[in-house]
1. What residue, of GLY70, GLY75, is under 25 Å from PRO141 (Cα atoms) and part of a loop (DSSP other than H, G, I, E, B)?
2. Taking the stretch 191-217 on its own, how many of its residues are within 13 Å of GLY350 (Cα to Cα) and out of contact with any helix residue (DSSP H, G or I) (no Cβ under 7 Å at 6 or more places or on another chain)?
3. Can you say whether VAL100 is over 30 Å from LYS390 (Cα atoms) and surrounded by 15 or more Cβ atoms within 10 Å (Cβ to Cβ), as far as the supplied structure shows?
4. Return the pair list, or none, for Cβ contacts closer than 7 Å from residues in the stretch 401-415 that are touching a residue at least 24 places away in the same chain (Cβ under 8 Å) to residues that are buried (at least 22 other Cβ atoms within 10 Å of the Cβ) and outside any helix (DSSP H, G or I), at least 6 apart or on different chains.
5. Considering each of SER207, SER246 in turn, give the residue that is over 23 Å from the mean Cα position of the chain (by Cα), in contact (Cβ under 8 Å) with a residue 24 or more places away in the chain, in the same structural domain as SER281 (by TED's automatic domain parsing) and surrounded by fewer than 21 Cβ atoms within 10 Å (Cβ to Cβ).
6. Which of the residues spanning the stretch 300-320 are modelled with pLDDT under 95, assigned to a loop (DSSP other than H, G, I, E, B) and either among the hydrophobic types (A, V, I, L, M, F, W, C) or under 15 Å from LYS336 (Cα atoms) (or both)?
7. Within the bounds of the stretch 103-126, is there any residue that is in contact with a strand residue (DSSP E or B) (Cβ under 8 Å, 6 or more places away or on another chain), within 27 Å of MET41 (Cβ to Cβ), of a type in the set (Phe, Trp, Tyr) and surrounded by fewer than 20 Cβ atoms within 10 Å (Cβ to Cβ)?
Amino acid sequence: MENPFESAKKQLTLATPPLKKYYDKKTLSREIQILKTPKRMIEGKIKVKMDDGTFKSFKAFRSQHNNNRGPYKGGVRFHPQVSESEVKALSLWMSIKCAVADIPYGGAKGGVKVDPKSLSKREIKRLSQGYAEFIAPFIGPHVDIPAPDVNTDSQIMSYMLGAYEKHAGKRSPAAFTGKSIKEGGSLGRTEATGQGGLYVLESYFKSKREDLKNKKIAVQGIGNVGYWFSFLAQKKGAKIVAISDSSGAVFDDKGIIPLKILNLKNKYSKISNFPKKLGYSIITNNNLFCLPVDVLVPAALENSINAKNAQNIKAKVVLELANGPTTPDAEKILNKKGVDIIPDVLANSGGVTVSYFEWLQNLKKEKWTKKEVNEKLQRKLSRAFADIEKFKKENSLTYRQAAYALAIKKIIDAS
């Protein structure tokens with residue numbers, strides 16, 4: 001498996017050809033080299049007191065990639081696979097994503113190498129506080145603003161914020177985002193990534209002079225992002241014909257009701273357990289990818305669309321709501337087939353955009369309604385799509401190439 005940071009650097013190199021008309025060779029080469037290295041890498045070990053009174057050390061990281069356009073921004077994950085290479089890659093991608101959505105942030109990412117399932121709630125709390133103390137000298141509302149990521153949530157942000165405020169000696173709600181509403185979190189944040197994906201897809205069809213109504217959509221993943229996208233797309237008249245979890249997918253060409261499927265999944269624990277009497281057709285995730293739909297939405301794991309299944313994809317559009325769901329080999333196959341891939345750095349940027357709105361509300365001591373949040377999100381992502389569409393046409397690029405090149409240009413121009 002390729003080192004994730006090496007993959008991220010390759011993507012930077014591949015995005016440079018369209019930028020040659022804006023910069024001389026020496027300047028472009030220098031700027032790309034700068035983007036291939038985080039500005040600061042914080043790593044070390046944090047000691048946490050276990051419930052039995054012993055102490056255990058955990059590897060901890062924070063990569064601050066680039067702050068040309070504003071403070072660093074990025075999540076914190078608790079996972080056994082967390083590594084220096086992973087957080088470096090994710091921080092680079094966050095720089096790109098913030099520039100794509102035109103948010104005045106740079107990219108960061110942090111994490112602790114730990115299996116959170118092996119810890120008690122009290123140990124998780126102490127780990128969260130320990131991590132916040134570890135990064136406290138390097139973060140702050142105008143320096144670096146962490147947020148939740150894999151295996152972290154609003155409760156963990158609350159623990160981290162408390163530890164940071166103790167270090168800073170003052171209240172500082174804008175130092176973290178993804179907080180609970182009670183602690184200054186934003187309305188609309190829960191569904192923001194799915195909602196943002198829908199706004200981007202609507203912009204795409206508008207650019208083709210088409211409508212989302214009655215478009216057939218298959219969604220891989222019924223987690224937070226996949227569920228909210230499906231729920232909101234159906235409300236707009238799209239036809240969700242399949243949705244899956246890791247065990248399998250529910251399929252009905254006439255359309256399914258996402259809320260009903262979510263409730264059944266909660267009842268039966270997984271889709272493959274649905275009894276036959278419910279009347280649903282249960283197919284594999286592989287079969288979901290091969291359905292003759294208008295839009296395929298990978299909203300689960302990275303590398304879901306690969307060289308093995310890309311040839312069988314019949315969708316006209318792939319909307320990447322997961323991070324890195326399409327491998328480079330699969331992308332080549334889909335490009336040859338004329339499939340439009342709306343890249344993750346644009347399609348799933350609704351989450352970080354609403355995190356930015358949370359930060360603004362905290363700084364201004366304001367509280368926006370969900371309607372205000374969604375209206376601002378729609379304007380932001382519709383404009384981002386329009387900019388990428390224009391750049392794509394002017395330079396005969398794919399959506400991914402256009403998104404990356406335009407983001408890199410914004411970062412370089414802000415230096």
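1. Of the residues listed, the single one that is under 25 Å from PRO141 (Cα atoms) and part of a loop (DSSP other than H, G, I, E, B) is GLY70.
2. The total comes to 1.
3. Against the criterion (over 30 Å from LYS390 (Cα atoms) and surrounded by 15 or more Cβ atoms within 10 Å (Cβ to Cβ)), VAL100 does not qualify.
4. Taking only residues 6 or more apart or on different chains, the pairs are GLN401/ALA15; ALA403/PRO343; TYR404/ALA15; ALA405/ALA15; ILE408/ALA15; ILE411/ASN66.
5. Step by step, each of SER207, SER246 is checked, and only SER207 is over 23 Å from the mean Cα position of the chain (by Cα), in contact (Cβ under 8 Å) with a residue 24 or more places away in the chain, in the same structural domain as SER281 (by TED's automatic domain parsing) and surrounded by fewer than 21 Cβ atoms within 10 Å (Cβ to Cβ).
6. ALA300, LEU301, ASN306, ALA307, ASN309
7. Scanning the stretch 103-126, I find no residue that is in contact with a strand residue (DSSP E or B) (Cβ under 8 Å, 6 or more places away or on another chain), within 27 Å of MET41 (Cβ to Cβ), of a type in the set (Phe, Trp, Tyr) and surrounded by fewer than 20 Cβ atoms within 10 Å (Cβ to Cβ), so the answer is no.
Residue-by-condition table, conditions (1) under 20 Å from SER246 (Cβ atoms); (2) touching a residue at least 24 places away in the same chain (Cβ under 8 Å):
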{"position": "LEU291", "(1), (2)": "yes, yes"}
{"position": "ASP294", "(1), (2)": "no, yes"}
{"position": "PRO298", "(1), (2)": "yes, yes"}
{"position": "GLU302", "(1), (2)": "yes, no"}
{"position": "LYS308", "(1), (2)": "yes, no"}
{"position": "ILE313", "(1), (2)": "yes, yes"}
{"position": "VAL317", "(1), (2)": "no, yes"}
{"position": "THR326", "(1), (2)": "yes, yes"}
{"position": "ALA330", "(1), (2)": "yes, yes"}
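The values are calculated or read from the model by the stated rules, or taken from the named source; none is laboratory data. Because the structure is predicted, anything quoted here is derived from the model rather than measured. Cβ coordinates were reconstructed from backbone atoms using ideal geometry, including for glycine residues, and neighbour counts include every protein chain displayed.
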